[in-house]
């Protein structure tokens, strides 16, 4: 089992005829993801890698049947329109890859997602991968790399950093620890699925035995995970790494969502709250594999 994506989920790509959309569609197809078509307004009737292209998501749903996931590869100013189109067509999960999506656009997407009972990942996400099953987005760069770097196992990874999402999976697999799913939630201040929500999904997943969190300063997502553990909602062991230890108040650290204000969202506050509820927090990124192996051995 895997969370969010697997080899049976049917996927379309919005923006499939664009340069980035076409390249990443090839990655997904070659990896084994069940991509069944795509959409680009005005390009209906064309084909990309033998897949049909439609003008609208509604038309794609009518012609292709039930669609589980839409991966959106369109420029930031058009992300809101594309995401809402997918949700209103009944697609339950949408991945928003573009960065620099306007904050108020994301808030509108959140509202429609709530109304339609849909979920979205991102914006500014590299996507989701369940090794040996499926990948959505651009994780791994190309299928050959993705297949050689990652293999299936019992550790779930959720991260606010795209680069560290793949790196964590790579180093764990190099250490002999397989992965159930890697999910990059995105580094913006407002995102769809958050770390606490993904951790809840891992808690319900029988295949996931341990959860790795790659957090950073800013926001309260990591503290919210600590509250879930404290309340008994999360019982699986967690290993966490929090980036930004040296950042000062008022300084943004890498991502739009990584800014500390006063005593809120600091490295120290996150680490203290996580450790207080029994989460194993490592101070150096390269300590993750050994700590994971240590916890699993118990």
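The values are calculated or read from the model by the stated rules, or taken from the named source; none is laboratory data. Computed from a predicted structure; not experimentally measured. Glycine also receives a Cβ, built like all others from the backbone with ideal geometry; neighbour counts cover every protein chain displayed.
General remarks:
- When the range 10-41 is filtered for residues that are part of a loop (DSSP other than H, G, I, E, B) and farther than 11 Å from residue 70 by Cβ, the ones remaining, listed by number, are 17, 18, 32, 33, 40, 41.
- Qualifying residue in the range 33-46 (condition: surrounded by fewer than 24 Cβ atoms within 10 Å (Cβ to Cβ), within 24 Å of residue 193 (Cβ to Cβ) and either under 20 Å from the mean Cα position of the chain (by Cα) or not assigned by TED's automatic domain parsing to the domain that holds residue 113 (or both)): yes
- Under the condition of being over 16 Å from residue 95 (Cβ atoms) and without any contact (Cβ under 8 Å) to a residue 12 or more places away in the chain, the residues counted in the range 21-55 number 3.
- Among (1) assigned to a strand (DSSP E or B); (2) on the phi > 0 side of the Ramachandran plot, the one test that residue 100 misses: (1)
- Subset of the range 173-206 [modelled with pLDDT under 95 and over 22 Å from residue 140 (Cα atoms)]: 189, 190
- Odd one out for residue 144 among (1) outside the structural domain of residue 15 (by TED's automatic domain parsing); (2) assigned to a loop (DSSP other than H, G, I, E, B); (3) surrounded by fewer than 23 Cβ atoms within 10 Å (Cβ to Cβ): (2)
- Flag if residue 79 is in contact (Cβ under 8 Å) with a residue 40 or more places away in the chain, in the same structural domain as residue 18 (by TED's automatic domain parsing) and in a strand (DSSP E or B): no
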